[in-house]
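Asker: Next up is a structure, given as structure tokens.
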Amino acid sequence: MEQAGCRFVVSSGNQYYQLRGLFPGYEETFSFVAENGAFVKDRTDVVFTANMPREIVEHVTDVCREYPEVMNVLCGVESAYCEQGTVSQEFFDLMRIYYPRLKWISDFKTVDDQILKFSPTVPEEKEDFYYDMFCQRLDGILEVTTSGHGAIDLIMPGCHKASGLKRLVQRWGITPEQCAAFGDGGNDIEMLKYCGYSYAMENAPENVKAAAKNVCPSNEDDGVLVTLEKLFS
């Protein structure tokens, strides 16, 4: 890709520090669209960070507290946070896989950080219920997206993977038609629609496949690598 003058972008709903750790030694070579577009970094330069107003943080905190089975992570620029007394140590330890920078906090409303998004985890069999509930309760305030397995993101309007990629596209002076994207979850839909070359994984849900221009082999069959080899051959 470097020989072809092509940039590589890691685009995910996960924390930047987690993504950077997946590619040791390349954090200043790759670009990152993290936190579903709420944090964008072009190699060494931070291009964009969302900034959720304090009143919205407080409102969403109150809504989530009405549902004790919702296990929440509050995501900031400096760290992510879990509320003491609302989630277990087991959940905290599990989330540290996805949020290497994760701290306990007594109350989300007192966090001293620039807030990017909320990332609640709900029972997988109730994901549709909670998706609809958040859409209804937070209509016009935050956008709701899912990545499957009970993982939901509550993000500022206009923040998604495509918006983050668009910031990089404009910065580099290229077009969406020159971009290729791969995805398998609901939070990939905007990005797959945005890019000229878009591929849903074979094991992706039907609505994700409908958003993509192509379907490639599943992640279990190295679909991304197989397709990239064809594109660059």
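The values are calculated or read from the model by the stated rules, or taken from the named source; none is laboratory data. Predicted, not measured: the structure shown is a model, and the values here were computed from it. Virtual Cβ from ideal backbone geometry, glycine too; neighbours counted across all protein chains shown. These area figures cover heavy atoms from the full protein model, side chains too; ligands, DNA and RNA do not enter into them. Shrake-Rupley method; radii C 1.70, N 1.55, O 1.52, S 1.80 Å.
Asker: Which lysines have a Cα lying under 17 Å from the Cα of Lys209, excluding residues fewer than 8 positions away in the same chain?
Answerer: Here the lysines satisfying the reach criterion relative to Lys209 are Lys161, Lys193.
Asker: For the chain, what ratio Rg/Rh do Cα atoms give with a Kirkwood hydrodynamic radius?
Answerer: That ratio equals 0.96.
Asker: With all protein chains present and a 1.4 Å probe, how do Tyr67, Tyr131 order by accessible area, largest first? Could you put the intermediate results ahead of the total?
Answerer: Numbers: Tyr67 50, Tyr131 80 Å².
Result, largest first: Tyr131, Tyr67.
Asker: Are there trypsin sites (Lys or Arg not before Pro) in segment 19-127 that DSSP puts in a loop and that have at most 16 other Cβ atoms within 10 Å, and which ones?
Answerer: In loop regions of segment 19-127 (DSSP not H, G, I, E or B), the sparsely surrounded trypsin sites (Lys or Arg not before Pro) are Arg43, Arg96, Arg101.
Asker: Working out 0.36 nm times the residue gap between Lys213 and Gln3, then minus their Cα-Cα distance, what length gain in nm do you get to one decimal?
Answerer: 73.0 nm
Asker: What is the magnitude of the charge dipole of the chain about its Cα centre, with +1 placed on the Cβ of each Lys and Arg, -1 on the Cβ of each Asp and Glu, and no other charges, expressed in debye to the nearest 20?
Answerer: 820 debye
Asker: Compare Cys135, Cys195 by solvent-accessible area with a 1.4 Å probe and give them largest first, with all protein chains kept in place. Before the final figure, lay out the partial values.
Answerer: On the way: Cys135 45, Cys195 0 Å².
Order by accessible area, largest first: Cys135, Cys195.
Asker: Could you tell me the ratio Rg/Rh of segment 25-67? Both radii from Cα atoms, Rh via Kirkwood.
Answerer: We get a ratio of 1.22 for segment 25-67.
Asker: Give a quick list of GluC sites (Glu not before Pro) in segment 156-233 that DSSP marks as loop, anything other than H, G, I, E or B, with at most 15 other Cβ atoms within 10 Å.
Answerer: Glu202
Asker: Stokes-Einstein diffusion coefficient for segment 51-157 at 20 °C in a medium of 1.002 mPa s, Rh from the Kirkwood formula over Cα pairs: what value in µm²/s?
Answerer: On the way: Rh = 13.7 Å.
Stokes-Einstein gives a translational diffusion coefficient of 156 µm²/s.
Asker: Can you send over the solvent-accessible area of Met1, 1.4 Å probe, protein chains only, in Å² to the nearest 10?
Answerer: Accessible area, nearest 10 Å²: 80 Å².
Asker: What Cys residues in the chain are without a partner cysteine, judged by a Cβ distance under 4.7 Å?
Answerer: That list is Cys6, Cys64, Cys75, Cys82, Cys135, Cys159, Cys216.
Asker: On a 1.4 Å probe surface of the protein chains, which of Ile174, Ile97 comes out largest in accessible area, and what is the full order?
Answerer: I get Ile97, Ile174, largest accessible area first.
Asker: What's the FRET efficiency of Arg65 with Gln89 using the Cβ-Cβ distance as r and R₀ = 22 Å, to the nearest 0.05? Numbers along the way, then the final one.
Answerer: Numbers: r = 20 Å, r/R0 = 0.89.
Given R0 = 22 Å and the Cβ-Cβ separation, E is 0.65.
Asker: Taking N as the number of residues in segment 131-233, what is its Cα Rg relative to 2.2 N^0.38 Å?
Answerer: Dividing the Cα radius of gyration by 2.2 N^0.38 Å gives 1.15.
Asker: Give the accessible area for Cys82 in Å² (nearest 10); use a 1.4 Å probe, count only protein heavy atoms, and leave out ligands, DNA and RNA.
Answerer: Ignoring ligands and nucleic acids, Cys82 comes out at about 0 Å².
Asker: Counting only protein heavy atoms, what percent of the accessible surface of the chain is carbon or sulfur at a 1.4 Å probe?
Answerer: The computed percentage sits at 47.
Asker: Describe numerically, in nm with one decimal, the distance between label points set 7 Å from Cα along Cα→Cβ at Arg101 and at Arg171.
Answerer: Calculated label separation equals 1.6 nm.
Asker: For segment 91-233, what is the accessible area per residue in Å², given a 1.4 Å probe and the full set of protein chains?
Answerer: For segment 91-233, the solvent-accessible area averages 52 Å² per residue.
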